[in-house]
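Peer 1: Dropping a structure here in structure tokens format, bear with me for questions.
The values are calculated or read from the model by the stated rules, or taken from the named source; none is laboratory data. Bear in mind the structure is a predicted one, so any value in this text is a computation, not a measurement. Virtual Cβ from ideal backbone geometry, glycine too; neighbours counted across all protein chains shown. When the accessible area is computed, the model is the full protein with side chains, heavy atoms only, and any ligands, DNA or RNA have been set aside. Shrake-Rupley method; radii C 1.70, N 1.55, O 1.52, S 1.80 Å.
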Amino acid sequence: MTLSPFRAAVAAAALIVVTPAAYAKGDAPVAEADLAQHIRVLASDAFEGRGPGTEGEDRTIAYIVGEWAKAGLQAVPGSDTPWLQPVPFVETQTTGGSARFKVAGQPFAIGDDGIIVTGSEASVALADTPLVFVGYGVDAAGRVNADVAGKVAVMLFDTPPFGDKLPRYRERRQMLADAGAAGVLIVAPDSMPWSEIREGLGAKTVRMGSAPAGPKISGYIAPAALDAMLAKAGQSGEALRAAAGAGDYRGALLPVTGDFTATAAVRNFASNNIVAKLPGAKPDGKAVLFLGHWDHLGICRPEGTADRICNGAVDNASGIAVLIEVAKRLAAGPRPDRDIYFLATTSEEKGLLGARWFADHPVVPLSDITVALNIDTIAISPRGTPVATIGRGKPAYDAVVRDVATALGRTIDSDGEADAFVQRQDGWALGAKGVTSLMVGGSFSDMKLLEAFLSSDYHRPADEFSDKVPLGGAAEDADLHVALGRAFADTKRWPGTAD
């Protein structure tokens, strides 16, 4: 059988066999230069921003597989191509869209600076479709809060102010579609520039091939445009938004109808999670899982732009660099008791899709995973930054993190600011299936530094590797993960289960 160039590259990487040399005294510390070497490659222009379903993906997979094979990890059986877990996707890119409204039967115009419409199919048309304001789209129990069947739901973007761990806007939009909404218009938050919304909706969107397509019509409406339309109908946008803050809000049918059209280019393709295993010396049926997403936004700017590539150096080439170095040390030092798995996920940037696929199609039973340790956007803070934990709250796990961090001279940040990010990382997909998932380190401890990154280079071409990327904290966090891996894989130190 003739292999494609991509599969041949993966197969060649998998044939690399290196017998790791044990370190003389414990695990060798991870140096900043170790991480820089990987980030420099993964975030280079040659990898084209590591977009799923592109040549950049092929290069990324070949690099990670090659590094893990050299470290002494093994492929996990279960797919046609060792090391890979294929994930089927449908990619959609809007090519046109329009919306026309009537208020109480009379035409009401909203300009392009007030409404943007996209479709989930090659061609969509809705006529005389009623609009219903649904607030946040869910009640305090997380259930759809209004009758949306056959209607276009108008939903607030922000996280609901009532209840804990309620779905984010993407999940709420899908819940409304599942409840029969023909479309969902999201009220754009004031903090999101309209130009960025337009640019984002013009980009390619991806969903799993097995997932429902979502509402036929999606889009954003500017708050001022919505308020003007409501005022024409004799209603107050401010009053509606205030009412929606109640956990028992049930929506309001508006005296507004809309005609919507949208066209899109649709492509089916497969991307891949990468999975590897370090067999334990004394396996007991429990396993440790390390994970981080390999993907970024790919070629993210139109032709003619000076810099078209979103390279994703910090997000998340830095996390993959740590995964590689952690694997090297765990494989080279004393063999841990339990099996340890390493997972590099695809399409985190599109909604944790690779992690969700793994959670639905695990190559190791989820009940066997004693802890999942996610590594994402780790090159943020300097050495000496306290350790924060996303997913904290289980005393036995928190105690292990505290003991391991303290032994390394680290302090614990327990202010809880990092909790706000729990739904924005791959561990959330596994946590939804009952797997204890933690994200541990300094990057989510120093909120000032993190917010500075999120408001500047994040998801932009400026997230490139240079000497300005802080790697001291990432190296310290890599050492922390090596120690956490050893602790959770130690059958004497950690029982494998905890209440």
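Peer 1: Residue by residue through segment 48-65, note down the ones that are open to solvent by 10 Å² or more (accessible area, probe 1.4 Å) and part of a helix (DSSP H, G or I).
Peer 2: Scanning segment 48-65 gives Glu48, Glu55, Asp58, Arg59, Ala62, Tyr63.
Peer 1: Go through segment 198-210 and give me each residue that's at pLDDT below 85 and more than 12 Å from Thr92 (Cβ to Cβ).
Peer 2: Matches in segment 198-210: Arg198, Glu199, Gly200, Ser210.
Peer 1: With Ala125, Ala146 as the choices, which residue is open to solvent by 10 Å² or more (accessible area, probe 1.4 Å), under 19 Å from Gly214 (Cβ atoms) and either part of a strand (DSSP E or B) or in contact with a His (Cβ under 8 Å, 6 or more places away or on another chain) (or both)?
Peer 2: Exactly one residue qualifies, and that residue is Ala125.
Peer 1: Right, next: Would segment 194-208 turn up any residue that is more than 21 Å from the chain's Cα centre (by Cα), in a strand (DSSP E or B) and among the aliphatic types (A, V, I, L, M)?
Peer 2: No, segment 194-208 contains no residue that is more than 21 Å from the chain's Cα centre (by Cα), in a strand (DSSP E or B) and among the aliphatic types (A, V, I, L, M).
Peer 1: Enumerate the pairs (first residue in segment 179-199 and buried (at least 23 other Cβ atoms within 10 Å of the Cβ); second residue anywhere and among the small types (Gly, Ala, Ser) and outside any helix (DSSP H, G or I)) with beta-carbon separation below 7 Å, excluding pairs fewer than 6 apart on the same chain, so at least 6 apart or on different chains.
Peer 2: As it stands, the answer is Ala181/Ala153; Gly183/Ser218; Val184/Ala153; Val184/Ser218; Leu185/Gly219; Ala188/Ala222, since those pairs meet every condition given.
Peer 1: Oh, and also: Quick check: anything in segment 366-377 assigned to a helix (DSSP H, G or I) and buried (at least 17 other Cβ atoms within 10 Å of the Cβ)?
Peer 2: Checked segment 366-377: at least one residue is assigned to a helix (DSSP H, G or I) and buried (at least 17 other Cβ atoms within 10 Å of the Cβ).
Peer 1: Would it be correct to say that Ser271 is hydroxyl-bearing (Ser, Thr, Tyr) and open to solvent by less than 10 Å² (accessible area, probe 1.4 Å)?
Peer 2: Yes: the conditions hold for Ser271.
Peer 1: Are any of the residues in segment 292-301 among the hydrophobic types (A, V, I, L, M, F, W, C), open to solvent by 10 Å² or more (accessible area, probe 1.4 Å) and either on the phi > 0 side of the Ramachandran plot or not in a loop (DSSP other than H, G, I, E, B) (or both)?
Peer 2: yes
Peer 1: Looking for something under 23 Å from the mean Cα position of the chain (by Cα), open to solvent by 20 Å² or more (accessible area, probe 1.4 Å), closer than 30 Å to Leu278 by Cα and modelled with pLDDT of 95 or more - is there at least one such residue anywhere in segment 87-96?
Peer 2: Yes, there is a match, as at least one residue in segment 87-96 is under 23 Å from the mean Cα position of the chain (by Cα), open to solvent by 20 Å² or more (accessible area, probe 1.4 Å), closer than 30 Å to Leu278 by Cα and modelled with pLDDT of 95 or more.
Peer 1: Something else now. If Val134 satisfies every condition in (1) open to solvent by 60 Å² or more (accessible area, probe 1.4 Å); (2) outside any loop (DSSP other than H, G, I, E, B); (3) within 25 Å of Ala231 (Cβ to Cβ); (4) of a type outside the set (Phe, Trp, Tyr) but one, which is the exception?
Peer 2: Only one criterion in (1) open to solvent by 60 Å² or more (accessible area, probe 1.4 Å); (2) outside any loop (DSSP other than H, G, I, E, B); (3) within 25 Å of Ala231 (Cβ to Cβ); (4) of a type outside the set (Phe, Trp, Tyr) is unmet by Val134, namely (1).
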